[in-house]
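Asker: I'd like to ask you about the structure that follows.
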Amino acid sequence: MDDLVARLVELNAAYARAIDDEQFERWPDFFDDPCLYKVTTADNVARGYEAGVIYADSRGMLRDRVSALRQANIYERQRYRHIIGLPAVLGREGAEVRAETPFLVVRIMRTGVMELFATGRYLDRVPLDGASPLRLRERLVVCDGGRFDTLVALPL
């Protein structure tokens, strides 16, 4: 495995582990500042629609989302388990790489009921400035399905 792909795998594994272990306060640290984090659907992307289910363009907005998650949002207790595929490097533009990584998220409710919550792909822009570990400049979460049966409370 090429060193860049290995570093992208490491980034994705740490990202998923932080969310799955409910360490949400660590989540903004996976991003540069400014950044872009957007959750949308494959249909929206295909049609060129910019709207997202979730949109944040700074690390501060990501931190606000975590604060709301912990203190303000009311939602049924749940956890995620991410299964993440291998990243594909789509291209390099200067000191930045574009990558696509497939994902699957299982939602586990407080009752123990598990269900497939989301599948899709991450479309990422990652700066290659020598920083270790890598950080995301942009993560577009493109969900295959267009409907969510509940509030998307947790980061994907």
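What follows draws every value from the coordinates through simple rules; no lab data is involved. This structure is a prediction, so every number in the text was calculated from the model and none was measured. In this analysis, Cβ positions are derived from the backbone assuming ideal geometry, glycine residues included, and neighbour counts consider all displayed protein chains.
Asker: Can you give me the long-range amide H partners of VAL97? Hydrogens built in the peptide plane at 1.01 Å from N, cutoff under 5 Å, separation of 5 or more residues or another chain.
Answerer: Distant-sequence amide H within range of VAL97: VAL126, LEU128.
Asker: Using Cα pairs closer than 8 Å and at least 6 residues apart in sequence, work out the relative contact order for the chain, in percent.
Answerer: Numbers: 291 pairs, mean separation 41.5, N = 156.
Taking the mean separation of contacting Cα pairs over the length of the chain, I get 27 percent.
Asker: Could you tell me which residue out of LEU116, LEU8, PRO127 lies farthest along the dipole of the stretch 3-143 toward its positive end? Charges go on the beta carbon: Lys and Arg +1, Asp and Glu -1, centred on the Cα centre.
Answerer: LEU116
Asker: So which residue, out of THR41, THR111, THR119, gets the largest mean-square fluctuation from a GNM of the chain using Cα contacts under 10 Å as springs?
Answerer: Residue with maximal mean-square fluctuation among THR41, THR111, THR119: THR111.
Asker: Sum -39500 (n - 2.57) across every DSSP H segment of at least 4 residues in the chain, then divide by the residue count to get the 222 nm mean residue ellipticity, nearest 500.
Answerer: Counting only the DSSP helices, I get -7500 deg cm²/dmol.
Asker: Let me ask something else. Sort the following peptides by mean Cβ neighbour count (other Cβ atoms within 10 Å, averaged over residues), highest first: 31-37, 120-126.
Answerer: In decreasing order of mean packing, 31-37, 120-126 become 120-126, 31-37.
Asker: Could you work out the percent of alpha carbon pairs in the chain separated by over 29 Å, rounded to a whole number?
Answerer: Cα-Cα pairs in the chain separated by more than 29 Å: 13 percent.
Asker: What does the charge dipole of the stretch 1-138 about its Cα centre add up to, to the nearest 20 debye, if the Cβ of each Lys and Arg holds +1 and the Cβ of each Asp and Glu holds -1? Working shown, then result.
Answerer: Values: 20 positive and 22 negative charges, 90 e Å.
The dipole of the stretch 1-138 has a size of about 440 debye.
Asker: Along the Cα→Cβ direction, 7 angstrom out, place labels at ASP43 and VAL5. What is the inter-label distance in nm?
Answerer: Roughly 3.4 nm, to one decimal.
Asker: Please find the FRET efficiency linking ASP64 to ASP129, where r is the Cβ-Cβ separation and R0 is fixed at 22 Å, and quote it to the nearest 0.05.
Answerer: That pair, ASP64 with ASP129, gives E of 0.25.
Asker: Hey, can you grab everything whose amide H is under 5 Å from the amide H of LEU136? Only 5+ residues off in sequence or another chain; H modelled, so Pro and N-termini drop out.
Answerer: The list, which skips near neighbours in sequence, is PHE31, ASP32.
Asker: Related question: What are the extents of the Cα atoms of the stretch 77-156 along their three principal axes, listed from largest to smallest and rounded to whole Å?
Answerer: Here the spans come out as 47, 25, 21 Å, largest first.
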